[in-house]
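Shown next, in structure tokens, is the structure this report addresses.
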Amino acid sequence: MNNWILIISLSFIAGLGFSFIFQVEKRHLFLAAVCSSTSWTLFQFLMSIGINSVFSTLISGLVIGFMTEIFAKIKKCPAINYIIIGIIPLVPGLKVYQGMLKLIEGNIFPGVSLLLEAAFIAIAIGVSILVSTSVARVIRLRKQKRIIKYKNPNGPN
């Protein structure tokens, strides 16, 4: 239990730090840090129950993508304010570093394996954000069409 509290707290603080680095407006700081904390905590939870890192990243990215769209709607701002801060904890920087180190040391197969895993994690991040923003866009467009149809049920002139 204490370990989870530590994970949540530190990822929230890290999210605040990245928010300052990326100059997120003050009114968005808390929700951006919540996105960061949620993504890392969910990733760690999924890893702890035995899901591999690529699928854990994909699921965490999807949750963050939908969360950021909701936050953006609530705060009436672009979702990118929250997406960037939310996905930073998922970026596989350590795996890339370890993979490159293995390659430099001459351990070709472990190095390539780590770099491929990092590439798949990066693809999972991209796919999850793409899917969540696309679904949000489709929902928004359908809602707008319903509103237009409701305002003028007979169509244009």
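Here are a few things to note about the model shown:
- In plain terms, the residue of L90, L46 with the fewest other Cβ atoms within 10 Å comes first and the most crowded comes last, giving L46, L90.
- Charge dipole magnitude, Cβ of K and R +1, D and E -1 - the chain, Cα centre, debye nearest 20: 1220
- Sparsely packed chymotrypsin sites (Phe, Trp or Tyr not before Pro) within region 22-105, loop by DSSP, other Cβ within 10 Å at most 16: F22
- Measuring nothing but how far apart in sequence close Cα pairs (under 8 Å, 6+ apart) lie, relative to its length, the chain scores a relative contact order of 22 percent.
- Summed side-chain charge close to G99 - residues other than G99 whose Cβ falls under 13 Å, Lys, Arg +1, Asp, Glu -1: 0
- Only helical runs count toward this figure. For the chain, summing -39,500 (n - 2.57) over DSSP H runs of n ≥ 4 and dividing by all residues gives -28500 deg cm²/dmol at 222 nm.
Bear in mind that the values in this text are calculations on the coordinates, not laboratory data. All values reported here derive from a predicted model rather than from experimental measurement. Reconstructed Cβ throughout: ideal geometry from the backbone, glycine too, with neighbour counts over all protein chains shown.
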